[in-house]
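Chemist: Next up is a structure, given as structure tokens.
Throughout, read-outs are computed from the coordinates displayed, never taken from laboratory work. The structure presented is a predicted model; accordingly, all values stated were derived computationally and were not measured. Heads up, the Cβs are rebuilt from the backbone with ideal geometry, glycines too, and the neighbour counts pull from every protein chain shown.
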Amino acid sequence: MSLQACADLVARGDPDRFRATMAAPVEARRVLFPLYAFNIEVSRAPWVTEEPLIAEMRLQFWRDVVEELAAGKPPRAHEVAVPLAEAIPADLVSVLDPLIVARQWDIYREPFADRAGFDAYIADTSGRLAVVAGRALGAPEGAAGVLADAGWAMGLASFLRAIPSLEAAGRVPLVEGTGEAVSALAGEGLARLTRARAARATVPRVATPAVFLAGQAAAVLEAAQAAPERVAAGALPEPALAARLSLARAALTGRW
């Protein structure tokens, strides 16, 4: 039940966020590794079993953990729950419940009902995670909208990269999968990221590690917008030298 256990979990389960967190100051890592380890535990819960009831029970476990921490109760003896309680204030922990609920979509094979449902899924998973990360690192409440927009763009980029795997698992990831629709969706992600960057002065330097992956997301979304056929083909950019340079630039300058 240590920070190292969380870091190891993130290194295995979310290499992009691991690299971003390692580029952050040590104090930020103490916040981000437990939060991102929690996110991995939640996001993989629907995929470790083919029994929907068991998957629902796994998500409910984390809903109970979040509810208890938000109420100020001692954390359960779990390698992620204990560091999470130490890293995230109780009022912010409560914000994580919709993130868990959103992952119920991953359990079943029904498509999103409409574009609003898809947008809410990205907002409640990646967008919400970025908000909690930034706020826990010291961003004011007024920066939540900026963090949410950046998180939405980062989440969309990751989701588009995962589409071949989701389809192989029998899911219907997109409301509309035509090239034109995919290009427009990527454009929406870029627009949100542009809007967030225009207001990035509201996010203090200490909180910028929450959005260090914005540059990498921009590269993925630009590729998907220009050549949407790359999404289904699994040919979107993977983290490479250019993405890592953008990460280093964000860490050095605070400009994401």
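Chemist: Could you count how many residues in region 6-29 are touching a residue at least 12 places away in the same chain (Cβ under 8 Å), in a helix (DSSP H, G or I) and surrounded by fewer than 16 Cβ atoms within 10 Å (Cβ to Cβ)?
Modeler: Summing the residues that are touching a residue at least 12 places away in the same chain (Cβ under 8 Å), in a helix (DSSP H, G or I) and surrounded by fewer than 16 Cβ atoms within 10 Å (Cβ to Cβ) in region 6-29 gives 1.
Listed here are the residues, each with its yes/no results for (1) farther than 26 Å from Leu32 by Cβ; (2) surrounded by 16 or more Cβ atoms within 10 Å (Cβ to Cβ); (3) out of contact with any Ser or Thr (no Cβ under 9 Å at 6 or more places or on another chain).
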| site | (1), (2), (3) |
| --- | --- |
| Gly145 | no, no, no |
| Gly179 | yes, no, yes |
| Leu185 | yes, yes, yes |
| Pro204 | no, no, yes |
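Chemist: Trp62 fails exactly one of the following numbered conditions: (1) farther than 30 Å from Leu185 by Cα; (2) surrounded by 21 or more Cβ atoms within 10 Å (Cβ to Cβ); (3) over 17 Å from the mean Cα position of the chain (by Cα). What is the number of that condition?
Modeler: Unmet condition: (3).
Chemist: Now, a different point. Determine whether region 145-153 contains at least one residue that is at positive phi and more than 12 Å from the chain's Cα centre (by Cα).
Modeler: No, that holds for no residue.
Chemist: Taking the condition touching a residue at least 60 places away in the same chain (Cβ under 8 Å) and closer than 21 Å to Ala157 by Cβ, does Ser2 pass? Even if it seems obvious, please write down each step before you answer.
Modeler: Numbers: touching a residue at least 60 places away in the same chain (Cβ under 8 Å): yes; closer than 21 Å to Ala157 by Cβ: no.
When the stated conditions are applied, Ser2 does not pass them.
Chemist: Considering only residues that are of a type in the set (Lys, Arg) and without any contact (Cβ under 8 Å) to a residue 60 or more places away in the chain, look in region 150-205 and name the one that is nearest to Ala223 (Cα to Cα).
Modeler: Result: Arg192.
Chemist: How about region 65-110: which of its residues are buried (at least 20 other Cβ atoms within 10 Å of the Cβ), under 19 Å from Tyr121 (Cα atoms) and small (Gly, Ala, Ser)?
Modeler: Ala102
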